[in-house]
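Inspection log for the structure reproduced underneath, given as structure tokens.
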Amino acid sequence: MKTIIVSIFYLVALLGVSGCSSTPEDVDSGWSVTSAKDATFKVIAFDEEGEAISTGSAFKVNDFIVSAAHVILGANSVEIYDSRGNLAGKTDSVRYMDAVKDIVILDIEAISYQSLETENGSVVVGSDVWAVGAPMGLDGTISKGVVSSVREDDVGKKLQFTAPVSPGSSGGPVLNSEGRVIGMTIATVEEGQNLNFAISAEHISALTRRMPSVKRISELKTGGEDEKSAVFVEMALGFAGAEQIYYGSRVSGKLEDGDAEVNGFWDFYKFSGEKGDIVNISLYSRGAKIKGSIVLGSTVFTEDVSGLEGKNVGDKNVVYANLPQDDEYYLIVSSAEKGKADYRFDITKENKDSRYGEQWVYVSHDDAGDYFYIHEDVVQAGYEKKYVWTLTEKDGFDFIDDRQYNAILIRFALDCRQQKVKPLTITHRLDGDVVGSEDIASYANWESVIPQTNGYMMYSKVCQ
């Protein structure tokens, strides 16, 4: 896991919400929408063979052409087109770059075009805003919304807003009701409803006050902060699309083209954990060697991320972690080399606080309580048959006859080939003390395992 100095609010799929709305040509406060469109451009980025590889937006503010850094990373040159489709300028270099804040100022003057101004005052939550850009390559598109929140962290200030944006809007201006720039569109939450983000205009103004440092666009693909920004884009997309998993899950996947690619292929998963959970992830693969890493959600994009790396044990990669706090956690599955691989993994939780000791592995939870089994005491009992102890720790108490209990231990026989289960003994306990025990093997029946039940979770772990 590479350390990346970016923000938790970048955990979003970059500009994946479709749909834009129109507004009148003149806003109530008197500024002209046409003037805003005239200061906004479509950006097309080209590789060294001259093939277009990405599109985005840009705008002229204080006589500088500003865009989002991730729009041009990996390119060799760019062209910008005005709202009427005319070529307004082209370049193979940038004047300023702040990869962490995702801001770039292109080495283009575009003297004949109108320039916007930045807002020096504070941004009011709930105030109207307009997003201008070239979503889906549609030049001069404008949409209206409100400022939902103003958020600030170590990276800087970001605005959350509701004006609809789509792919290609990155790098476009976000304007207030006075027609002044308050931010630049950088991202949206793909599965949210108009959860969009802009980097504050104050960071753009600060960048323009630096001494120019002209660099070739092709050189931005490697080294220092520029490499961090490229990694950030891949990581942000990966975290945003992370698949939800749960303790007791068995997951199959494949590292392949189309996955996040950072020195190999990466898949992303997320799960909720509590302080003191002992998490065990056993990762098996076919093809390229793979590894697993657990990352604490609240520190994903901070400077001090360390992560919990897996260790190879035989033919599997094992992550064993004592979670430090209640939080959302991410599991990253990646190839150790640039290669594709089929894989599967189990994620279990050992309950160190159980009244019955450390040997119990968490399986699942239902209305009865937490469900465990002893992974070290699975006994072979003939062809495709196994014996296993299970434990249910109840949420509260229950009664058998007039005796109170809060835990049930059952010894099961499993027929892994037939997918059937049969209880052999059952013991009710109260805080670890035996309340009653019964041998039921003589009259219990073999029953088919029902999917999505505790029994099925146990079967999946013991038999597969």
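The values are calculated or read from the model by the stated rules, or taken from the named source; none is laboratory data. The structure displayed is predicted, hence computed values, not measured ones. Positions of Cβ are backbone-derived with ideal geometry, glycine not excepted, and every protein chain shown enters the neighbour counts.
Table for the structure above
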| item | result |
| --- | --- |
| Test: I408 is of a type in the set (V, I, T), outside any strand (DSSP E or B) and not assigned by TED's automatic domain parsing to the domain that holds S282 | no |
| Boolean, G168 is of a type outside the set (S, T, Y), in a loop (DSSP other than H, G, I, E, B) and either at pLDDT 85 or above or outside the structural domain of V33 (by TED's automatic domain parsing) (or both) | no |
| Verdict on E190 being of a type in the set (D, E, K, R), under 18 Å from D102 (Cβ atoms), in a loop (DSSP other than H, G, I, E, B) and at pLDDT below 80 | yes |
| Residue that is nearest to K461 (Cα to Cα), among those in the range 415-434 that are aliphatic (A, V, I, L, M) and modelled with pLDDT of 85 or more | V421 |
| Any hit, the range 93-103, residues being touching a helix residue (DSSP H, G or I) at 6+ places or on another chain (Cβ under 9 Å), surrounded by fewer than 18 Cβ atoms within 10 Å (Cβ to Cβ) and farther than 21 Å from S166 by Cβ | yes |
| Every residue from the range 56-88 that is assigned to a strand (DSSP E or B) and either at positive phi or surrounded by fewer than 19 Cβ atoms within 10 Å (Cβ to Cβ) (or both) | S77, E79, L87 |
| Inter-residue pairs, beta-carbon under 6 Å, first among the aromatic types (F, W, Y) and in the range 51-66, second not in a strand (DSSP E or B), 6+ apart | F59/A39; F64/T208 |
| Count - residues of the range 38-78 that are closer than 20 Å to T185 by Cβ, of a type in the set (D, E, K, R) and in contact with a strand residue (DSSP E or B) (Cβ under 8 Å, 6 or more places away or on another chain) | 2 |
| Filtered residue count, the range 89-102, keeping only those that are outside any loop (DSSP other than H, G, I, E, B) and in contact with a Ser or Thr (Cβ under 8 Å, 6 or more places away or on another chain) | 5 |
| Flag for K215 being basic (K, R), within 29 Å of G238 (Cβ to Cβ) and modelled with pLDDT of 80 or more | yes |
| Residue within the range 221-239 that is more than 26 Å from D63 (Cβ to Cβ), at pLDDT below 75 and part of a strand (DSSP E or B) present | no |
| Close pairs from the range 391-419: first touching a residue at least 60 places away in the same chain (Cβ under 8 Å), partner in a strand (DSSP E or B) and surrounded by 13 or more Cβ atoms within 10 Å (Cβ to Cβ), Cβ under 7 Å, at least 6 apart | T392/G369; T392/Y371; T392/A407; T392/I408 |
| Within the range 373-402, tally of residues that are out of contact with any His (no Cβ under 7 Å at 6 or more places or on another chain), at pLDDT 70 or above and in a strand (DSSP E or B) | 14 |
| Unique match (being at pLDDT below 90, β-branched (V, I, T) and under 29 Å from V150 (Cβ atoms)) among T3, T40 | T3 |
